[in-house]
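Input: a single structure, listed below in structure tokens.
The values are calculated or read from the model by the stated rules, or taken from the named source; none is laboratory data. As the structure is a prediction and not an experimental result, all values here were calculated from the model. Reconstructed Cβ throughout: ideal geometry from the backbone, glycine too, with neighbour counts over all protein chains shown. Accessible surface areas use protein heavy atoms only, side chains included; no ligands, DNA or RNA. Shrake-Rupley method; radii C 1.70, N 1.55, O 1.52, S 1.80 Å.
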Amino acid sequence: MRVYHTETQEDFNALMEELEREDCIWGNDNLLTKLKHKWMIWRKDTVIIVKKGALAILPKSCVTNDTLIVKYTKESKTNSKFPVVPQFVADWYEDNKENLDYKIWEYIYDWKYQEYESDFYDFMHDNSLKPIETLIKMKDGYEVEKEPLYYVHFLEGIGGYLNMRYDGLMRINGKDQDDEYKTQFTEAEIKSMKKGKGYWLLREPVEEVNK
């Protein structure tokens, strides 16, 4: 499953063109470029979910796991000559790249024994993503989709953010990050903290705060 966030009409249009080339569908319609007006419903909060070649266009609030969301821009795919893949695809590739062709064959051969609820299973099952072709192309290089970053905001005001020194010492201060203190964290980093589940409830997306 892929989840894209498009902040502008131009980005949404470019994504529809790309997904149409992949032969994805919305309902029974495969002419996705006809859907450009759909961005106007939720505008900058629009997300597009792609699963097994089928699309859903929803507000961002419908996605409960923010780490699934990839910001899509018109330039994000055209500027890179390498495949741009989610972290879980990169992880599988790195674990299996020494004997990649065999490992791909083995995964498919043992298909019924694979973890069918995993993101990598969905990736391999979605023909529109061209999973085998993508994995082979990764031999020449690849880029990992940028993972969302968050602040942890404890107190109202500009000085109420979690700051973590690189030796693990924590304090509450402003949101600016420097060489000594880190203020921007991934979901995994927040949840791995001692009180991570509670901190996760206090998250603020860096992208939204800095607009």
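In table form, for the structure just shown:
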quantity: Within a Gaussian network of the chain (alpha carbon springs, distance under 10 Å), most fluctuating of THR134, THR73, THR64; calculated: THR64
quantity: Cα gyration tensor, the stretch 6-164 - rounded (a/c under 1.5), prolate or oblate; calculated: oblate
quantity: Heavy-atom accessible surface of the stretch 1-42: percent carbon and sulfur, 1.4 Å; calculated: 51 percent
quantity: Contact order normalised by residue count of the chain, Cα under 8 Å, 6+ apart, percent; calculated: 17 percent
quantity: Label-to-label distance, nm, for residues given as ASP101 and ILE25 (7 Å Cα→Cβ offset); calculated: 3.5 nm
quantity: Global geometry of the stretch 1-78, whether rounded, prolate or oblate, following the gyration tensor of its Cα atoms and the 1.5 cut on a/c; calculated: rounded
quantity: Among ILE25, TYR116, ASN13 the positive-end extreme of the charge dipole of the stretch 1-151 (Cβ point charges); calculated: ASN13
quantity: Accessible carbon and sulfur surface of the stretch 55-189 relative to its total accessible area, %, 1.4 Å; calculated: 49 percent
quantity: Amide proton proximity set for VAL144, modelled H, under 5 Å, gap of 5+; calculated: VAL85
quantity: Degrees separating the helix 87-96 axis from the principal Cα axis of the chain, which is the longest one; calculated: 70 degrees
quantity: Surface per residue (accessible, 1.4 Å probe) for the chain, Å²; calculated: 60 Å²
quantity: Folded to 0 to 90 degrees: helix 100-109 orientation relative to the chain principal axis, Cα; calculated: 70 degrees
quantity: LYS195 versus TYR166: modelled label distance in nm, points set 7 Å from Cα along the beta carbon direction; calculated: 2.6 nm
quantity: Over the chain: helical MRE at 222 nm, DSSP H runs n ≥ 4 each giving -39500 (n - 2.57), nearest 500; calculated: -8500 deg cm²/dmol
quantity: Global form of the stretch 99-175, assessed from the alpha-carbon gyration tensor, a/c cut-off 1.5; calculated: prolate
quantity: Chain lengthening between PHE154 and ASN173 when straightened (0.36 nm per residue, less Cα-Cα); calculated: 5.9 nm
quantity: Charge-dipole axis of the chain as Lys and Arg at +1 and Asp and Glu at -1 on Cβ define it, positive-most pick from GLY168, LEU35, TYR102; calculated: LEU35
